[in-house]
Amino acid sequence: MGVIVHKDFEFIVQGITGREALNFTRECLQYGSKIVGGVTPGRGGREVYGVPVYDTVREITSRRKVDGAVITVPLAFAPDAAFEAIDAGIQELVIITEGIPRRDASAIVEYATLHGARVIGPNCLGIITPDVCRFGSLGGPAVDCRKAFKPGIVGVMSRSGGMTTEICNALSAAGLGESTAISIGGDPVIGSTYAELMPLFEKDPDTKAIVIYSEPGGTAEAELARWATENKSRLPIIAFVAGRFMDDMPGMSFGHAGTVVEKKVDSPADKIRRMREAGISVADEIGDIPRLVKERLDGARAAGA
């Protein structure tokens, strides 16, 4: 069944004539995704791998239903691109553009909420339901994507796009596979957090467990721990927290803009403690994740026997 995307999911690419968009548009099409149009102002009338290009989003949505939009435009134009998609009635946005200022990102998220739309990102690679739809650039070339992502029972959410693929590859190699994998974004302000996406996985009959990849900074893990405590989820949650060295090396940077540590609650040690107190299993190594998933699933089956 999958989360957010499905076999008939149709989306557009804003900024489709840019170098990055050209590459992932080709790979999405090869994967079998349905891209029904692209937008680059001033370049309407062209085609990208058979996908028609328009000057505005409304030119597309006035002619047909569009389920989602991938936004990969220069930083200065990203907020306007998001507002344009939302105004045109698109409900699902994946924003690949990174480094959007907090004020602008907050405005995008608030505007989306007011209009009943959902934002994944900014600074994310999108969503994959294996062998069904790739909505964004997650997974790289289609041939590699098919190797790393296999249909299965584990929902995956990660701040890091690259680690989303790494974890899914490990789960696939262990015979577990993924129901849906979501790169939620590495910027300080993102549209959808772990806790906000959990109910979608909760409703998905194909999902039997959840894996999350966490980095230093932010309060998303505390929110997830609170959600897990307050809700009797049927899904065991397994997490990995990167950057544990930062507890012993304060002030060290860690890549993503969203990993800036501003207070004690942001520290990796504190994230681990909060999640374990909420019943979330935290892996010591990435390679431990498949084993922990199997142990939690076996335990759930034994408890229900």
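Here are a few things to note about the model shown:
- Extension gain (nm, one decimal) between Arg102 and His6, 0.36 nm per residue minus Cα-Cα: 31.5 nm
- Electrostatic tally near Arg118: other residues with Cβ closer than 10 Å to its Cβ, Lys and Arg +1, Asp and Glu -1, net -2.
- Look at the Cα gyration tensor of region 1-138: its axes a ≥ b ≥ c give a/c under 1.5, and that counts as rounded.
- Close amide H pairs (under 5 Å, H built 1.01 Å from N) link Glu10 with Asp67, Gly68, residues at least 5 positions away or on another chain.
- Note on surface exposure: Tyr194, Tyr54, Tyr49 rank Tyr49, Tyr54, Tyr194 by accessible area, highest first, 1.4 Å probe.
- Using only side-chain charges placed at the Cβ, +1 for Lys and Arg and -1 for Asp and Glu, the dipole size of region 97-206 relative to its Cα centre rounds to 120 debye.
- For the residue pairs Lys34/Lys150; Lys65/Lys147; Lys34/Lys271; Lys34/Lys294; Lys150/Lys294, alpha carbon separations beyond 28 Å are given by Lys65/Lys147; Lys34/Lys271; Lys34/Lys294.
- Taking each DSSP H run with n ≥ 4 as -39500 (n - 2.57) and averaging over every residue of the chain yields -10500 deg cm²/dmol at 222 nm.
- For Ala78, the shell of other residues with beta-carbons less than 14 Å away shows a net charge of -4, using +1 for Lys and Arg and -1 for Asp and Glu.
- Here is the list for region 53-87: trypsin sites (Lys or Arg not before Pro) lying in DSSP coil, each with at most 15 other C-beta atoms within 10 angstrom of its C-beta, are Arg63, Arg64, Lys65.
- Residues whose placed amide H lies under 5 Å from that of Val39, excluding near-sequence neighbours: Val13, Gln14, Gly15, Ile16, Tyr54
- Glu92 sits among other residues whose Cβ lies under 11 Å from its own Cβ, and their net charge, with Lys and Arg +1 and Asp and Glu -1, is -1.
- Rounded to 5, percent antiparallel among DSSP beta bridges of the chain: 20
- Computed from backbone phi with θ = phi - 60° and the Karplus coefficients 6.51, -1.76 and 1.60, the 3J(HN,Hα) list for region 55-66 is 7, 9, 5, 4, 4, 7, 5, 6, 9, 7, 6, 10 Hz; x is used for glycine and proline.
- Couplings 3J(HN,Hα) of region 37-51, computed from phi: x, x, 10, 9, x, x, 10, x, x, 7, 9, 10, 6, x, 8 Hz, in residue order, whole Hz [Karplus 6.51 cos²θ - 1.76 cosθ + 1.60, θ = phi - 60°; x for Gly and Pro].
- Cα centroid separation - region 97-137 against region 140-219, whole Å: 15
- Of the residues Phe77, Phe83, Phe240, ranked by 1.4 Å probe accessible area with the largest first, the sequence reads Phe77, Phe83, Phe240.
- Other-chain or far-sequence residues with amide H under 5 Å of Gly136's (modelled H): Ile127
- Note: relative contact order over the chain, using C-alpha pairs below 8 Å and six or more positions apart, is 14 percent.
The values are calculated or read from the model by the stated rules, or taken from the named source; none is laboratory data. Since the structure is predicted, the reported quantities are computational estimates derived from the model, not experimental observations. All Cβ positions, even for glycine, are placed from backbone atoms using ideal geometry, and neighbour counts span all protein chains on display. Heavy atoms of the whole protein, side chains included, go into the accessibility calculation; ligands, DNA and RNA do not. Shrake-Rupley method; radii C 1.70, N 1.55, O 1.52, S 1.80 Å.
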